[in-house]
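Single-structure report; data block below.
Laboratory data are not the source of any read-out in this text; all were calculated from the coordinates shown. Note that the structure is a prediction, hence the values are computed from the model and not measured. Here the Cβ is made from the backbone with ideal geometry for all residues, glycine too, and neighbour counts use every protein chain on show.
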Amino acid sequence: MFLKNDWYMAAWAAEVGSAPVARRICNEPMVLYRDAAGSLAALQDRCCHRGVALSLGKVIEEGIQCGYHGIVFDAKGQCVHIPGQDRIPAKAVVHYYAVHERDSIVWVWMGNPDEADLSLIVDYPYHGDVKNWPHREGLIPVKCNYEMLIDNIMDLTHLPYVHTKTIGGGTPTNVHSKAVMKTERMPRGVKYSRWLLDSVPPPTYAKAIDFPGKIDRWQEEELLTPSVIIQFTGGVDTSQRPRETGNREGGFGMRVLHCIVPETETSCHYFFSVSNGFGQDDPANTDLVYDQVYPTLLEDKVFCENQQAIATEFPDENFVDIRSDEARILYHQHLDERLANEKKLAKRDAAVSA
Amino acid sequence: MFLKNDWYMAAWAAEVGSAPVARRICNEPMVLYRDAAGSLAALQDRCCHRGVALSLGKVIEEGIQCGYHGIVFDAKGQCVHIPGQDRIPAKAVVHYYAVHERDSIVWVWMGNPDEADLSLIVDYPYHGDVKNWPHREGLIPVKCNYEMLIDNIMDLTHLPYVHTKTIGGGTPTNVHSKAVMKTERMPRGVKYSRWLLDSVPPPTYAKAIDFPGKIDRWQEEELLTPSVIIQFTGGVDTSQRPRETGNREGGFGMRVLHCIVPETETSCHYFFSVSNGFGQDDPANTDLVYDQVYPTLLEDKVFCENQQAIATEFPDENFVDIRSDEARILYHQHLDERLANEKKLAKRDAAVSA
Amino acid sequence: MFLKNDWYMAAWAAEVGSAPVARRICNEPMVLYRDAAGSLAALQDRCCHRGVALSLGKVIEEGIQCGYHGIVFDAKGQCVHIPGQDRIPAKAVVHYYAVHERDSIVWVWMGNPDEADLSLIVDYPYHGDVKNWPHREGLIPVKCNYEMLIDNIMDLTHLPYVHTKTIGGGTPTNVHSKAVMKTERMPRGVKYSRWLLDSVPPPTYAKAIDFPGKIDRWQEEELLTPSVIIQFTGGVDTSQRPRETGNREGGFGMRVLHCIVPETETSCHYFFSVSNGFGQDDPANTDLVYDQVYPTLLEDKVFCENQQAIATEFPDENFVDIRSDEARILYHQHLDERLANEKKLAKRDAAVSA
Ligand code: FES
Ligand code: FES
Ligand code: FES
């Protein structure tokens, strides 16, 4: 079950040109394309004539042309041309989705397109701030329910076990378990921060910056349900006392955007971007950080896919919560409330229209 | 659900020698082989002893010998030898199918073999007419219900979209939608013809014949349910006025036999042969036409497999019929009538024997 | 349905070191490992925290550490450490299995570990008798229910059909069907022997020993339910009259241990070892026999996997028993009795504790 009345990332803006792109979001097959004027469209990826994917067709002046018998649909899914006949049957429509491009991201609204609320799109201005936060984008397909991957990020105590070779290494594991944590419920989700004080710089950080000694590290994460996590992590020399002074200048810093989007009940699209906050004028620094983060996400993929496989086999086995689950638990409370609320509203609407 | 009381193509005659061939027809696993005298046999591909496939065995003098413990069955599925014992239990039989070879095709009757009616086999004498219609044979496995592939052929308006590079190209698409069509219910199925007058020769035709100008093209198709389509297409110089005069000599002509046979509910065997009616003394001409048709069928496969995948996921979604569906609709009426009739007769037989 | 109150082979002892080994036995996912002191442990392969496989973790001093968030479990599945917290919840346990190493084999008891009865482990002292019975070990994954593979071995009349190129060849098939057979119910299973008198040495034997003429061959098999078969086969010069005199010296002899262990309902682990009883001082002789047996088992795999696929598709089709099924039938009687008995005891225990 997925939240419908919200925006999900459907693609990187750069992925969608005039060639149709097939993508499944919240278990709904979708075709994304841009018309001649560059406007985005998102339709159900199924022609209403004989049911083939519209993504097998091509974009022409009037809209998207089915590749099988040539029926054409406009950006709202309305049939506008049927070869060999003038009359267009009233039923000749396919479902369309509200779609919006912002911050290099294609967002789709999974609920009623008439109710799509642009104010709910998560802003991520760093993508446009090339001077201070140059970035690289990626997409990893992961065979697990999207909640498992969000759980993964909401509990960073996995770092010293899963990511020893990159961001989790360098520190004795008790540094992680002694981290100063703060977890807060927010209007749109959960905020979560950890300070790892007096730490040996982990391999990723040490590759970027030549730290003279130990560092104080911050890990800040904000989850905005259903599927966005905005992460800011970094570290500066311990002597700078960043936690007390707020001074985070001059060390290592990176921002990671995670958009973890349901594909099916047991698979998701892991969109991510990595922005570096040091040596911004040299693209090699962006590459350096990306090349550290990417394999780290592949390590997460291994654990989450394993977790999904076992959960599929043993749906009723119990779980035991531990202290580090705090943020994860708040996340699920939040999501469950939103889902329950959406259900209640749907019921009320049904009653009103009855 | 498949029609049982009729013949389906099971193999090209050349495929079946003394080595057993495993093939699934109408979701029934079958082993086909030829005995020492060259006679064909078709049995259920499951030994009644421990249930392994007889196609893992070998053909010996007395019949087919199971490869596991050596039990031998004759061409009617009767057990004729059990190693180490003389008594043959009455239950030691496997189901057999009536099988018949004609026109280079192995036909099987899927109903009661005692009721197999040879007069119902579709004749295709062109296979034997090597002088006028030299041919090449093929088989493509397609992962869709066989009806979808027949639908494909019953609506040739897909040509200018799916087959632009071969038989569908050359003409503006409105030539296709303005084609003069005639569709008729026949005792055994549906006949369907189109004339594309005053057309630019499509790439396939132009490769075969050096036409001086525009041509009149005919496309004739006869569907004989459940699974045979006999196609005759070609084109001659427009000045010859073939539609009025009946004179089709001297241009491009080819005959294609399509036997589209259910393998399972969601897969089929696409047997086809291509015969050329020009330059018959040079095998290169047969190759030329085959090499144009084969990739065309692979293009159809892409669309039909996509259609099946979507139909499997959305079994209840609606379809919208258009004008070009006329022949397709007649085909389904015809098939549904035959299926209903078969069901009624089966019920009556059950009542009589009760 | 599998017998629970007995030992199954889970691994070759040499397979299990300090790196965790994932293996599914009787459809239960298990992790096997050895602690620093070399003691074996077998736990359910699912961390009780978030459900990932413990086999993704590593063995540390205190036990096995989950690779995701670092929880540690001891050899009895008791949680002994949770990073970042002192309190260990009572529910933080995973199921453990009684495990025992003997004769180079890791055995697990699938029932209640408190009731594990070491006296029920099948002894196989030949593995330790390097002087007389040097051996090599193997493991073949087979996609069939384990009973089908045991059936395979309990009916050796398949030799001349399936294994023509190795142990089944050389003799006319009627030598096999005329074999002198003896089949006995034993307390733990079924014993089964065949004498093939006056036989041409089959290819495997002839490669090992330079026989001057015909031989008398014995094939002895003892099945100990649920999953062990101890095989002794060989042949000596017919003039030695081994059947009457008991003198089996000087010819070809080999012992094969078959441990055929359920993985799932439709797959099994085929553990086997091959020991040669001739030319024991030259390892090339062990290799020679292993290299004959291994492809033979792969031939069995083909038939058993085919049998499983067909049984899955046609679960209700009938089978016809023949004379050579005698041992197989006794095996199933024996297994069914044990299963029924286990069910009865479980019911009684449930009643007592109610
Ligand atoms: S399936 Fe799209 S036009 Fe026919
Ligand atoms: S399975 Fe065919 S003879 Fe045994
Ligand atoms: S899943 Fe094992 S410690 Fe979290």
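Inter-copy label distances at residue B:314, using a point 7 Å along Cα-to-Cβ, come to 3.9, 3.9 nm with the shortest given first.
Of all the C-alpha pairs in region A:73-172, what % are more than 15 Å from each other? More than 15 Å apart: 79 percent of the Cα pairs in region A:73-172.
When the gyration tensor of chain A is built from Cα positions, what are the square roots of 5 times its three eigenvalues, in whole Å, from largest to smallest?
Numbers: eigenvalues 342, 112, 61 Å².
In descending order the semi-axes read 41, 24, 18 Å.
Taking a straight line from the alpha carbon of residue C:4, these lysines sit under 18 Å away, with near neighbours fewer than eight places off in the same chain left out: C:343, C:344, C:347. Remark: region B:25-37, residue by residue, has Karplus-estimated 3J(HN,Hα) of 10, 6, 6, 10, x, 10, 10, 10, 7, 10, 7, 4, 7 Hz, where x stands for each Gly or Pro and the curve is 6.51 cos²θ - 1.76 cosθ + 1.60 at θ = phi - 60°.
Going by C-beta contacts inside 10 Å, put B:241, A:348 in order with the fewest on the left. Could you put the intermediate results ahead of the total?
Numbers: B:241 13, A:348 10.
The order, fewest Cβ neighbours first, is A:348, B:241.
On the rotation that sends chain B to chain C, the chain B Cβ lying closest to the axis gives residue and distance in whole Å as B:312, 12.
What do you get for GluC sites (Glu not before Pro) in region C:56-114 restricted to DSSP loop and a cutoff of at most 12 other Cβ within 10 Å of the site's Cβ? Mind showing how you got there, number by number?
On the way: sites: C:61, C:62, C:101; in loops: C:61, C:62.
Passing both the DSSP loop test and the Cβ count: C:61.
Taking amide hydrogens as placed 1.01 Å from N in the peptide plane, the amide H of residue C:58 sits under 5 Å from those of C:65, C:67, each at least 5 positions away in sequence or on another chain. For residue A:182, the lysines whose Cα comes closer than 17 Å to its Cα, not counting residues fewer than 8 places off in the same chain, are A:191.
Can you give the local net charge around residue C:212? Use residues other than it whose beta-carbon is closer than 15 angstrom to its beta-carbon, Lys and Arg +1, Asp and Glu -1. Intermediate results must be reported in sequence, preceding the final value.
Working: positive: C:214; negative: C:198, C:210, C:216, C:237.
That sum, taken over residues with Cβ under 15 Å, equals -3.
When the P(r) is computed for the protein assembly as shown, the part past 49 Å accounts for 48% of the Cα-Cα pairs.
Positive contributions from Lys and Arg (+1) and negative ones from Asp and Glu (-1), summed over other residues with Cβ under 11 Å from the Cβ of residue A:43, come out at -1. Dimensions of region C:233-342 from C-alpha coordinates, computed as largest minus smallest value along each principal axis and given longest first, are 49, 32, 29 Å.
Remark: label point of residue A:283 defined 7 Å out from Cα along the Cα-Cβ vector; separations to the same position in other copies 5.6, 5.6 nm, ascending. By the count of neighbouring beta-carbon atoms within 10 Å, fewest first, A:54, C:297 end up ordered C:297, A:54. Derived from the Cα gyration tensor, the three semi-axes of the equivalent ellipsoid of region B:120-238 are 25, 18, 15 Å, largest first. 3J(HN,Hα) along region A:225-241: 4, x, 8, 10, 10, 9, 10, 9, 9, x, x, 10, 3, 3, 4, 7, 6 Hz, from the Karplus curve 6.51 cos²θ - 1.76 cosθ + 1.60 with θ = phi - 60°, whole Hz, x for Gly and Pro. How much FRET efficiency would the formula 1/(1 + (r/R0)^6) give for residue A:184 and residue A:298, where r is the Cβ-Cβ distance and R0 is 25 Å, rounded to 0.05? Given R0 = 25 Å and the Cβ-Cβ separation, E is 0.25. Cβ-Cβ distance of residue A:323 and residue A:214, R₀ of 45 Å, FRET efficiency by 1/(1 + (r/R0)^6): the value works out to about 0.95.
Counting Lys and Arg as +1 and Asp and Glu as -1, what is the net charge of the other residues whose Cβ lies under 11 Å from the Cβ of residue B:258?
Summing Lys and Arg as +1 and Asp and Glu as -1 gives -2.
Dipole magnitude for region A:125-338: computed about the Cα centre from +1 point charges on Lys and Arg Cβ and -1 point charges on Asp and Glu Cβ, it is near 640 debye. Percent of Cα pairs in region C:1-140 per distance bin of 10 Å, from zero to the largest separation: 12, 40, 32, 13, 3, 0.
Please compute the contact order of chain B in relative form: average sequence separation of alpha-carbon pairs under 8 Å and at least six residues apart, divided by the residue count, as a percent.
On the way: 703 pairs, mean separation 58.4, N = 354.
It comes to 17 percent, rounded to a whole number.
For residue B:143, the aspartates and glutamates whose Cα falls under 14 Å of its own Cα, not counting residues fewer than eight places away in the same chain, are B:263, B:265, B:299, B:300, B:305.
Taking only the C-alpha atoms, wrap a convex hull around region C:130-338 and report its volume per residue in Å³ as a whole number. Write out the running numbers ahead of the final one.
Numbers: hull volume 25.5 nm³, N = 209.
Once divided by residue count, the hull of region C:130-338 is 122 Å³.
Shape analysis of region B:16-74 yields a ratio of the Cα radius of gyration to the Kirkwood radius, Rg/Rh, of 0.93.
With a Förster radius of 51 Å applied to the beta-carbon distance between residue B:282 and residue C:265, the computed FRET efficiency rounds to 0.30. Which residues does a label at residue B:349 reach in region B:111-128, if reach means a backbone N under 13 Å from a point 7 Å past the Cα toward the Cβ? Residues B:111-117 fall inside that zone. Ranked from shortest, the separations from the 7 Å Cα-to-Cβ label point of residue A:90 to its equivalents in the other copies are 6.6, 6.6 nm. For the protein assembly as shown, the mean residue ellipticity at 222 nm estimated from helices alone is -7500 deg cm²/dmol, where every DSSP H run of n ≥ 4 contributes -39500 (n - 2.57) and the total is divided by all residues, rounded to the nearest 500.
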